[in-house]
Each structure stands twice: as C-alpha cells, then as structure tokens.
Ligand SMILES: Nc1ncnc2c1ncn2[C@@H]1O[C@H](COP(=O)(O)OP(=O)(O)OP(=O)(O)O)[C@@H](O)[C@H]1O
Ligand SMILES: [Mg+2]
C-alpha cells in the first residue's frame, strides 16, 4: 500500500514518513464531566506507542476518537495523514481497531467471522479465504476455525478478535487492552505477533494496564491522567522523571557502618538498621566508584542492594496513585540526611 503524499504533516522534516498519528488539543466531555482536556500526540509511523492511565482516564475514549467511532468536542487530529473530522473514511481505510470489548460474533464460526471481515474489506472471495486461512493459522486457530466462536476460550476469542483486525492489512492498528485476560503464554505470543507487525512497517497504538507490556513493546509511552498527557517519552526517559534510584548498604557492625558513613559523606543514614542509602543511577560506573571508595578505606559492606526506578514508580508518581509500601523504604524519623 502506498502512502499518501502529505505536504503539511511532516513538520520540521524530522521523520521521513508522515506521522501515523498527530493530535493537538483533543477534548471530550460527557455531560459536565471532562474526560479529555487537551490531548496532544505525535506518533511516528512504524513505531509502537503505548497509552497508560488509570481506569477511567479516557484511554478508550481517545482510541475511539482517533478511530472515528466517536467525535471529539474540540482539537484536531490526523491519522495516517487523514483528518479525523474532514476525512473519516480515509482514516477508516487505513486503520484496524480491536476494541476493549470483543467484536467477535459468537454464533458463527471463527472462519466465518474472518470471512465477514474480508467481505467488509471488499476482498474477492478467493483472496478473502486465503487471508482468513493464513491469519487463523498464524493465531493458532486453524483447528478451532469451524467451531462457533462462543465455544472459544477467552484467550482464543481475543486472538480471533485481533486476527479479524488484521484482515484489511491496516497500516495502523489500535489495540485497546489487547492482552487483558490472557495467560502469560498467550500474552507473550501476542507480543511476538505485535513485534512482527511492527517489523513489517505497521504502527501499533495500544492501551494497557500492564506496565511490563509497555516496557516490553513500546518505543514511546504516554501516561494519561486528569484528561491530559502527564508525561510522554521512551521508557528510559520516563524512568528518569522519577527520583529514587539508590544503592543501599547494610553493615553487621556499628564500626564499619560509621567508617562507611564518614568515607561516603552524602548518604541517608539509618543508625538502628546500620544502613546507608546513596543516591545512584545503579549503573556499573557508579557502583564501581562506590565500591572503590569503600575498598580503599578497608571497609566491607555486608549487603548491597540496588534500587532503580521502574515503570511502576513512574505510573504511581504521575497518576497520583498511592505507592505500595516498599520494604526497602527507610524509616523516615530515624534518618539524618547529610
Ligand atoms: N458514552 C459515555 N457516556 C458517559 N460517560 C462516558 C461514556 N464513555 C466513557 N465515559 C466516561 O469517560 C471516562 C473515561 O472512560 P474510558 O472508557 O475512556 O476510560 P479508560 O481509560 O478506557 O478506562 P479503563 O482502564 O477502565 O478501560 C469515564 O469516566 C467514563 O465513565
Ligand atoms: Mg478502556
């Protein structure tokens, strides 16, 4: 499929292909309840973009707006180079959508569901059957293809749902919580399929509640909170937004503890637990330097643990959710920061 010529959307000329999705100031309210309050997005073609956010943040609403299932109250967006308001048919021809809730018809077979999609995409009969068979095979559904879809397990229905989305060979696919309810094996299998799609040039826009999923798949991640994108970037960039990376040293005797505290200087101390916390990115270079300083003073720590912020920390920090207690969190009143 050839890309349309897009004179305006390649702003700045940074990306050789037009962005898969660009949006400015998208707004949506239901009654008096503002769900999206000015959402900006820029998703390069051929990448995986993950949208995170707590329940009710507006992820599904955003997917529905971008896939032209509902209209925004304000703002602008282009998907595959087509304006969602001026050219919804252009958008629809370029995308596939797997909703949060299944589009599978349980009364007909998996194969019939696929052939129905082929008809919707106006594929000639033979071509439709070939593509349906290929996708059923790829998603491990060949043996079940002639059974009514209502007899499928949750994971099989999910796979069929995504296979149906791929019938029209969309350039951009929206997957709203694609792996919710899948067991770990099915989840990993689906990740592999997503990677293959991206390798063949497809852009994937997914929403997920699984931070590991975003970590595994996404080139860029955005966190939606309070109707806005609270942060956007690569996993590494997002992790750098939250402080808290540190090394924790524990000593069995007070003498070693005090010597280390004197040598290291800038630490958070816990006299009772005989531990020191040193801010650190957890990288090899910093760890080496720390151990060298202890070594040259003849001090040996009895335990060394490294804590680097993970995507969970980012999510909790940005969405204002309560962070679960961490066992390594120091007991504040006992500490003296220097
Ligand atoms: N048709 C509708 N009418 C009224 N309110 C709606 C409608 N659709 C969504 N909402 C509200 O908009 C908000 C965002 O819903 P949305 O489904 O987009 O959230 P979400 O981020 O996808 O949540 P989840 O993680 O639970 O799937 C919620 O408060 C929801 O109740
Ligand atoms: Mg949702």
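Quick note: the coordinates plus some simple rules give every number you see, no bench work behind them. Being a predicted model, the structure only gives us computed values, none of them experimental. Note that each Cβ is placed from the backbone with ideal geometry, even for glycine, and that neighbours are counted across all protein chains shown.
Structure notes:
- Modelled spin labels at residue 93 and residue 192, positioned 7 Å past Cα toward Cβ, are 3.6 nm from each other.
- Within the listed set 313, 89, 292, the residue fluctuating most in the Gaussian network model of the chain (springs between alpha-carbon atoms under 10 angstrom) is 292.
- Prolate/oblate/rounded label for region 55-204 (Cα gyration tensor, a/c 1.5): prolate
- Cβ-to-Cβ counts within 10 Å put 188, 288 in ascending order as 288, 188, the fewest first.
- Spatial extent of region 187-232: Rg and Dmax, with the Cα atoms as the point set, Å: 11.8, 35
- Whole-Å distance, taken between Cα centres, linking region 171-244 and region 122-162: 25 Å
- Residues residue 107 and residue 297, FRET efficiency given R0 of 51 Å [Cβ-Cβ distance, rounded to 0.05]: 0.10
- Pairwise label distance in nanometres, residue 30 with residue 241, each label 7 Å out on the Cα-Cβ vector: 2.5 nm
- The slack in the chain from residue 281 to residue 83, taken as 0.36 nm per residue of separation less the alpha-carbon distance, amounts to 67.0 nm.
- Distance (nanometres) between label positions extended 7 Å along Cα→Cβ at residue 55 and residue 262: 5.6 nm
- Cα extents of the chain along the three principal axes, largest first (Å): 81, 46, 41
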